[in-house]
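The structure appears below as structure tokens.
Just so it is clear, none of the values below were taken in a lab; they were calculated from the coordinates. Keep in mind it's a predicted model, so treat the numbers as computed, not measured. Reconstructed Cβ throughout: ideal geometry from the backbone, glycine too, with neighbour counts over all protein chains shown.
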């Protein structure tokens, strides 16, 4: 079987299902696991993702206003891949190539590939997507085994907090710093499973702009800075930028943490479970062990 993944999260699903050898094409953003980096790239972007938050936001708005795509699809490379299965998404045009563009190209491929469209907006939906990818790749047993292990890890967090009768702190998850966005979709469920209460977002709903006043009124105990697509060093820098700004003076006595959102929150894939464990440590640092040092930092 020949598989093309047009979503980093889908690439990670293929990996945990033990099907990396089937992968013949990925996106320009696919960086995990390391072996995926060597696969042919099928996409590109006009956005300078290394720029600061305000600059990236301005670039996205300018491209959208011009009616141009944020992501480009290498149609020649996709057709040459002769994929049996293409994994794509219909959740966010700011996150990956659009499903419509993929379908248009796939219709001209020989053979015509089977498209699996991922569009989960909830944590349970992400788990179901992994099952769907497993079925499409003939790896249903591997998907079931992975899900059983993931459920056990989440249950361990829950039972540890329950046994300690740990209080549930109020958590604000900042998905973008300029303008401010609260993390939606699966993030509120991750916070709940990690032992907190998300005070800004609705489970399953899109991420939304939020005012600083609204964050203040929400009265969070913990402010988790996890900008979409940022690794941990960039998230730490953004957390310090926000906390040190005079407008955030009211929040300097709150607890702050920075999370590698690119790996553990932004991508609706297997590493959301790592994200739950990392957030759980931020929520209850004396009860849950610290995650790997490149996952999360508690600001001092």
Exercise. Which of the peptides 209-215, 9-15 is most tightly packed, and how do the rest follow, judged by the mean count of other Cβ atoms within 10 Å per residue?
Worked result: 9-15, 209-215
Problem set entry | Most to least packed among 158-164, 79-85 [average Cβ atoms within 10 Å] | 79-85, 158-164
Exercise. In a GNM of the chain with a 10 Å cut-off on Cα contacts, which of 105, 199, 171 has the highest mean-square fluctuation?
Worked result: 105
Exercise. If you take all C-alpha pairs in the stretch 1-128, what percent of them are over 19 Å apart?
Worked result: 49
Seminar exercise, completed: Measuring from the longest principal axis of the C-alpha atoms of the chain, the long axis of helix 123-136 (C-alpha) lies at a number of degrees, nearest 10, equal to 20
Seminar exercise, completed: Pseudo-spin-label distance residue 20 to residue 135, built 7 Å along Cα→Cβ, given in nm, is 2.7
For this session: Over 27 Å, how big is the tail of the calculated P(r) for the stretch 167-298, in percent of all Cα pairs?
Result: 7
For this session: Between residue 61 and residue 252, with labels modelled 7 Å along Cα→Cβ, what's the label distance in nm to one decimal, could you check?
Result: 3.0
For this session: Any chance you could give the angle, 0 to 90 degrees and rounded to 10, that helix 272-283 forms with the longest Cα principal axis of the chain?
Result: 10
Exercise. Hey, with R₀ at 41 Å, roughly what FRET efficiency would residue 80 and residue 145 work out to, going by the Cβ-Cβ distance, to 0.05?
Worked result: 0.75
Exercise. If you line up the long axis of helix 140-163 against the longest principal axis of the chain, both from Cα atoms, how many degrees apart are they, to the nearest 10?
Worked result: 0
For this session: For the chain, set up a Gaussian network in which alpha carbons nearer than 10 Å are linked by springs, and say which option among 134, 25, 44 fluctuates the most.
Result: 44
Exercise. Roughly what would the spin-label model give for residue 119 and residue 168, points 7 Å off Cα along C-beta, in nm?
Worked result: 3.0
Seminar exercise, completed: Rounded to the nearest Å, the spacing of the alpha-carbon centers of the stretch 198-226 and the stretch 104-159 is 29
Exercise. In Å and whole numbers, how far do the C-alpha atoms of the chain stretch along each principal axis, longest first?
Worked result: 60, 46, 29
Exercise. For the chain, what is the percent of antiparallel DSSP beta bridges, rounded to the nearest 5?
Worked result: 35
